[in-house]
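Chemist: The following block contains the structure, expressed as structure tokens.
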């Protein structure tokens with residue numbers, strides 16, 4: 001991750017930013033809301049809410065098919081949003097941007113289409129030990145159905161995944177590498193540029209799960225040279241129901257359709273079906289029309305704020321949180337590798353993470369507790385679950401203080 005020098009960045013006014021998010025002004029259990037679960041799903045600025053409402057109130061119609069004004073306008077807005085995603089990722093063409101329901105469906109698309117078409121028994125897929133279930137289970141399906149071999153790069157005690165350990169697992173049968181760009185549990189930023197290079201050197205295609213990365217840093221798929229990149233709108237301050245798969249045009253062209261139905265066909269008879277060109281070939285049925293427009297608004301919002309400025313704010317906030325959390329007796333942070341994203345996963349000696357989350361909720365502090373859809377990673381660290389506080393562009397030092405004060409009460413209640 002490259003961040004501009006601090007002196008080159010304009011001041012970040014977090015209170016003004018918070019004013020853009022209506023939900024942050026509502027109380028929870030009679031307390032001010034302290035929302036620290038953006039890694040699971042981020043809150044939405046008014047601009048995103050207004051964008052989705054606008055479509056339903058002013059210009060809603062089905063897209064790509066109607067020969068009338070509303071449909072033409074809705075189509076134009078939908079495709080304009082696709083263009084914003086293309087620019088956001090720096091893809092070469094809008095045709096390389098496939099709209100899905102979420103990052104999970106995007107990864108499943110690659111597994112079901114590319115995997116079944118191009119992988120054979122004995123071929124190897126390399127993943128890491130910190131993957132979300134969405135980047136484990138689809139490959140297990142291929143393992144069980146096709147006989148491919150799944151190889152897992154180990155995770156270090158500090159939450160790191162090293163290039164050296166990754167390189168050791170690459171071999172002549174490696175056909176696909178599927179990596180989290182950023183860990184949803186630990187915040188670890190993987191050295192994906194070098195891993196992509198080595199994967200290609202071994203003859204493999206490389207998919208990056210960018211669900212956590214696009215929120216915290218600029219992503220350039222051409223510079224990374226990855227073959228596929230997946231993310232979800234709802235983590236990027238956008239709506240639920242929309243995800244994105246970027247794929248290199250030549251790969252997407254070679255892959256068979258993932259689903260069949262309307263809008264992904266060129267012609268249908270009872271004898272034969274021919275398919276539409278990219279991106280329609282992978283977009284069967286009516287998509288999330290209003291939500292796609294709202295994703296475009298979310299991209300506009302973070303772009304105008306500046307990803308470098310957001311990254312600096314979140315980095316400073318994480319450093320402050322780490323120093324404050326160190327004051328809590330019996331608290332252990334998981335994932336301490338330098339340069340991580342703004343995620344703090346921890347355990348307390350005296351209380352289960354589920355109890356911690358419920359007690360914090362009474363104080364208006366919303367955190368996540370559980371295995372975070374990363375059960376193998378929990379097993380790696382020998383814990384059933386963690387408590388996770390994740391920070392976004394709207395969080396403040398005062399909210400970190402509220403988190404620490406609520407954790408101190410947990411220690412008072414359960415500690416000896």
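Chemist: How far apart, in nanometres, would the label points at residue 286 and residue 29 be if each is projected 7 angstrom from Cα along the Cα-to-Cβ direction?
Modeler: My value for the distance between the label points is 4.1 nm.
Chemist: Which whole-number percentage describes the relative contact order of the chain, with Cα contacts under 8 Å and a sequence gap of 6 or more?
Modeler: Computed value for the chain: 23 percent relative contact order.
Chemist: Once Rh is set to the Kirkwood radius over Cα pairs, what Stokes-Einstein translational diffusion coefficient, in µm²/s, holds for segment 8-163 at a temperature of 25 °C and a viscosity of 0.890 mPa s?
Modeler: Working: Rh = 20.3 Å.
For the chosen part, D equals 121 µm²/s.
Chemist: Let me ask another. Test of understanding: in a Gaussian network model of the chain with alpha carbons linked when under 10 Å, which of 210, 25, 83 would top the mean-square fluctuation ranking?
Modeler: 25
Chemist: Ranking 67, 378, 255 by Cβ neighbours within 10 Å, fewest first, what do you get?
Modeler: Going from sparsest to densest Cβ surroundings: 67, 378, 255.
Chemist: Now, a different point. With the alpha-carbon atoms as the only input, what is the per residue convex hull volume for the chain in Å³?
Modeler: Taking the convex hull of the Cα positions in the chain, it is 148 Å³ per residue.
Chemist: Can you give the calculated 222 nm mean residue ellipticity of the chain, where each DSSP H run of n ≥ 4 adds -39,500 (n - 2.57) and the sum is split over every residue, rounded to the nearest 500 deg cm²/dmol?
Modeler: The helix-only estimate for the chain comes to -11500 deg cm²/dmol at 222 nm.
Chemist: Taking only Cα atoms and a 10 Å spring cutoff, compute GNM fluctuations for the chain and point out the largest among 223, 280, 178.
Modeler: Ranking 223, 280, 178 by mean-square fluctuation puts 223 first.
Chemist: Please arrange 50, 227, 300 by how many other C-beta atoms lie within 10 Å of their C-beta, fewest to most.
Modeler: Least to most surrounded, the residues fall as 50, 300, 227.
Chemist: Note the full-extension length gain between residue 10 and residue 375 as 0.36 nm times their separation in residues minus their Cα-Cα distance, in nm to one decimal.
Modeler: Full extension from residue 10 to residue 375 adds 127.4 nm.
Chemist: With the radius of gyration and the Kirkwood radius both derived from the Cα set of segment 343-416, what is their ratio Rg to Rh?
Modeler: The Rg/Rh ratio comes out at 0.97.
Chemist: Okay, moving on. Put a dot 7 Å past each Cα toward the Cβ at residue 163 and residue 46; how far apart are the dots in nm?
Modeler: Computed distance between label sites residue 46 and residue 163 equals 4.7 nm.
Chemist: Among 59, 283, 327, which comes first, second and so on when ranked by fewest other beta-carbon atoms within 10 Å?
Modeler: 327, 59, 283
Chemist: Mind checking the angle between helix 307-325 and the chain's longest principal axis? C-alpha axes, 0 to 90 degrees, to the nearest 10.
Modeler: For helix 307-325, the angle is close to 40 degrees.
Chemist: Helix 289-305 against the longest principal axis of the chain: what's the angle in degrees, Cα atoms only, rounded to the nearest 10?
Modeler: Relative to the chain, helix 289-305 is tipped by roughly 50 degrees.
Chemist: Could you identify which residue out of 56, 258, 114 has the top mean-square fluctuation in a GNM of the chain using Cα springs shorter than 10 Å?
Modeler: Sorting by GNM fluctuation, first place goes to 56.
Chemist: If you fit an axis through the alpha-carbon atoms of helix 46-58 and take the longest principal axis of the Cα set of the chain, what angle between them do you get, 0 to 90°, nearest 10?
Modeler: Long axis of 46-58 versus the principal axis of the chain: about 40 degrees.
Read the figures in this text as sums done on the coordinates, not as results from a lab. None of the values given here were measured: they were computed from a predicted structure. Every residue, glycine as well, gets a Cβ built from its backbone with ideal geometry; the counts of neighbours run over all protein chains shown.
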